[in-house]
Amino acid sequence: MKLKLQTFTTFVFALISFSLKAQITQTISGRVIDADSRQPLAGVNIILQLDEANKTGTITDEQGYFKIENVPIGRRSIDFSFVGYEDVHLDNVIVTSGKEVELKIEMSESADVLGTAEVRVKSRFGNHNEMVTVSARTFDSEEAERYPGSRQDPARMVQNFAGVSGTDDQRNDIVVRGNSPLGLLWRFEGVDIFNPSHFAVAGSTGGPISMLNNKTIGNSDFMTGAFPADYGNGISGVFDIKMRNGNYNKSEFSGQFGLFGTELLAEGPINKSKKSSYMISYRYATLQIFQALGIDLGTSAVPHYQDACFRFNFPTKHGGFSVFGVGGLSAIDIVLSDDTIPPKELYGEKDRDQYFRTNMGVVGANWRHFINKSTFLNAVIAVNGQQIISNHDKIFRDPNEYARVYLMPVLRSTMTHSKTTAHVYVNRKLSARHNFRIGVITDVYQLNYFDSVRNEQTYLWSKHLNYQGGEWMGRFYASWKFRITADLTLNAGLHALATSLGNATALEPRAGLKWKISKVTNASFGYGLHSQLQPLYVYHTLFVDSVSHTFGAHNNGVGLSKSHHFVASLERIVNPFLRVRTEVYYQYLFNIPVEVISSSFSLLNQGSGFQRFFPDVLQNTGTGHNYGMELTVERSFHKNYYTMFTGSLYNSRYKGSDGVDRNTDFNGNFILNTLVGYEKPFGPNKKNAFTFGTRFTLGGGKRYSPIDSLATEKDGANVIFVDSERNSLQFRNYYRWDLKFGIRVNAKKTTHEFAIDVANVLNTKNVLTLSYFDDPDHPGRKIYKEETQLGRLPNFWYKFNF
């Protein structure tokens, strides 16, 4: 081990020594377009700040493209200005030796066009989606990789934002303002997609590891409430992922070796003169590589997973065409029956062998066409599929000989669903004041479900699912952006939905108003009515109706869940690098599926963890409400460091069919995050850097309910809780401290990055759940056990670009 450490250290210092001798530059290129019409802007003035005394620059060509060569390595500032448009300032653009910088800049027509000319403080903050008014944040690949403890996972990254709770170390579920993770809408390249997580459980939107590669992400949006009319079939938030294009100037390659994956990425031009490009990435589970090499990992249940994504882009004079895709395969086998002594497995229940498989993929094509200078058409068609397979065998051991076992199959489940999606919209910019957009989205589903469980007492099988068939959903939306004055902008729209699932329909108004009170102060207000389908398999679940005592799919008429969102926001730009934003909100949820019989059950409590759920007969009579306030204090990267504090105080309550007002499963009441990052440049021209980051999270503990021991033993297959006392208990508060250290070395034409990211530095024993299972020391008896979350987790990676 000592020799390996010496070799690694020698390698690092050799790179540093080499980089100190080289004078290295790089190229910055990109394209500038109108934010509304998407037309390229020719003649945009671009100024690059080289240092305090020196600048360089260029202008965009007739297609909006620009290129600046011989840019020194380091962090650079760039200003974009154009007559009649608001200036755009980019600060701390990271320029490295191993990869060219490609930028996509969107500029909005300025207040000058509306008859005023006022100089405002240049802010480094803002949203790229012009239709968004409140509760939104734009990010890119650099930010997705910056935060400590995020494991380079975009879903974990957004858990640092105000209003988002991330108090489950094992999963990346996104809990927005106390809502169930089920309420989240995932959108990828313009189409809504199934859960893009490895080891995803049916009826969930998260998992342990994301399939999305943060290095391929372009400017993307995350929204937590009152989102615009473009988005539907979601009631809590929207994660709108857009891929970046590959480099159209030259071929580049990237590789990374880390705890959570070994990956390769290639990109480059297909036709330089036409600026077409490709980008392909692939990742394979590093732990699986270690296992193949015979390295003892402390468990035989090693997660196996791999994923890939690609994008081919072909610009044309009047628009463009692209092909894209992302997908992943994952598997884990937790086999305890082979053990000769009581196991110490990291995952799963301890009284059964478990075999779990998940697969998900989406491929599609996008066509963009400028009808004229003010109107463009965008069309996307994609195919998306997901399969989840779960098989369990219950272990019965000889009380006199631990290694002698009998296996009884107790679960056989295969859930497969796919859909073909078409999304077409037309955008027309009438003037600097008015922009209209209308669109249509259609989804055609194909479902194939089978799920059967065995009662451990009677040995009889019961089918939860046995369905093959198709469904459909259609949506229409219209949006209007109206700049009433230079300081007042209205975003209004309407979203309509119809589906064969429950024969449901919805008509949803949306509105947002943004008021620039002064040069440094903005106020915003937003409202939206939002609706959402239930998890697809819920409509086809088989069971005996507790009222009519008939067997069948009694929930195929369940309607949409709905929610009114009200949001008010106030933002103060203290200086170009520091902003303070506060938001208050109220959400009223209604039409929520609850059981027909009097109970505490509500779909508002589902969607997290690794357990499937199969409700009884449902009716849309449940309600809920969420309200709270949020604070964000953010200092963008300036003078070598950045900071961000986010705090949320909230209350999340609901009523089941019994009419009792209770805490939801996700009502932690508060969540606080503090992040600090520092970068110390070194070497000639400060082209290399030591990096440091830390994060502290404090949040309310998980809600839980007491277990009904007698009912659980009688059921023989599922854990039953005391219904009248649902969520009456709360685990102790969650807190975690993360640290990240790294070094970035720019050698000639190659950049090397080394990092160690330690999650839960103090090894805090945060509580995950209260388990109830067979006592291995006393066969025939059940025991309770408080299970804790992941302890200290050191993650490492080495990344190179060339």
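The values are calculated or read from the model by the stated rules, or taken from the named source; none is laboratory data. Here the structure is a predicted model, which is why all the values come from computation and not from measurement. Cβ placement follows ideal geometry from the backbone for every residue including glycine, while neighbour counts extend to all protein chains displayed. All accessible areas refer to the heavy atoms of the entire protein, side chains included, with ligands and DNA or RNA removed. Shrake-Rupley method; radii C 1.70, N 1.55, O 1.52, S 1.80 Å.
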Quote the relative contact order of the chain in percent (integer), defining contacts as alpha-carbon pairs under 8 Å separated by 6+ residues.
11 percent
How far, in nm, would the chain grow between Asp333 and Val584 when pulled straight, counting 0.36 nm per residue and subtracting the alpha carbon separation?
85.8 nm
Looking at Thr299, Asn92, Thr691, which one has the Cα that reaches farthest to the positive end of the dipole of the chain (charges on Cβ: Lys, Arg +1; Asp, Glu -1)?
Asn92
Roughly what would the spin-label model give for Tyr406 and Ile484, points 7 Å off Cα along C-beta, in nm?
7.6 nm
Estimated FRET transfer efficiency when R0 is 30 angstrom, pair Ser598-Phe525 (beta carbons, to 0.05):
0.15
Need the full-extension length gain, Ile270 to His304, defined as separation in residues times 0.36 nm minus the C-alpha distance. One decimal, nm.
8.9 nm
Computed over the chain: longest principal axis from alpha-carbon atoms vs helix 2-21 long axis, angle to nearest 10 degrees, is 20 degrees
With r defined as the distance between the Cβ atoms of Asn640 and Ile289 and R0 fixed at 56 Å, what FRET efficiency is calculated, to the nearest 0.05?
0.95
Only Lys, Arg, Asp and Glu count, each charged at its Cβ (+1, +1, -1, -1), so figure out the dipole size of the chain about its Cα centre, rounded to 20 debye.
2420 debye
Using a simple spin-label model with points 7 Å from Cα along the Cα→Cβ vector, what separation in nm is obtained for Asp51 and Ser771?
6.0 nm
Förster-model FRET efficiency, 22 Å R0, Trp472 and Ala553, C-beta, rounded to 0.05
0.80
Quick one: which of Lys765/Lys785; Lys686/Lys749; Lys67/Lys680; Lys55/Lys429; Lys350/Lys655 span more than 24 angstrom between C-alpha atoms?
Lys67/Lys680; Lys55/Lys429; Lys350/Lys655
Under a crude label model (7 Å from the Cα following the beta-carbon direction), how far is Arg572 from Ser431 in nanometres?
3.6 nm
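Over the range 268-345, what percent of the accessible surface lies on carbon and sulfur atoms, probe 1.4 Å?
61 percent
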From phi via Karplus (6.51, -1.76, 1.60), per-residue ³J(HN,Hα) for the range 438-452 in Hz, x at Gly/Pro
10, x, 10, 10, 10, 10, 10, 9, 10, 10, 9, 10, 9, 8, 9
In terms of solvent-accessible area of protein heavy atoms at a 1.4 angstrom probe, what is the ranking of Phe222, Phe577, Phe690, highest value first?
Phe690, Phe577, Phe222
Calculate, axis by axis, the spread of Cα positions in the range 633-722 along the three principal axes, and write the results as whole Å, longest axis first.
73, 29, 15
Calculate, in nm to one decimal, what Leu631 and Ser251 gain on full extension: separation in residues at 0.36 nm each, minus their alpha carbon distance.
132.5 nm
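Relative contact order for the range 209-271: what percent, with Cα pairs under 8 Å and sequence separation of 6 or more? Please report the intermediate quantities before stating the final value.
Numbers: 73 pairs, mean separation 17.3, N = 63.
Across the range 209-271, relative contact order equals 27 percent.
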Ordering Tyr641, Tyr459, Tyr650 by accessible area with a probe of 1.4 Å, largest first, what comes out?
Tyr459, Tyr641, Tyr650
Do the sum for the chain: with -39,500 (n - 2.57) for every DSSP H run of n ≥ 4, divided by all residues, what is the mean residue ellipticity at 222 nm, to the nearest 500 deg cm²/dmol?
-1500 deg cm²/dmol
Listed residues Trp737, Gly668, Val594: farthest to the positive end of the dipole of the range 589-744 (Cβ charges):
Trp737
Of Pro409, Tyr425, Gly385, farthest towards positive along the dipole that unit charges on Lys, Arg, Asp, Glu beta carbons give the range 372-435
Tyr425
Can you give the charge dipole size of the range 598-717 about its Cα centre, rounded to the nearest 20 debye, using +1 on the beta carbon of Lys and Arg and -1 on the beta carbon of Asp and Glu?
840 debye
The range 548-663, relative contact order in percent, only Cα pairs under 8 angstrom and at least six apart counted
26 percent
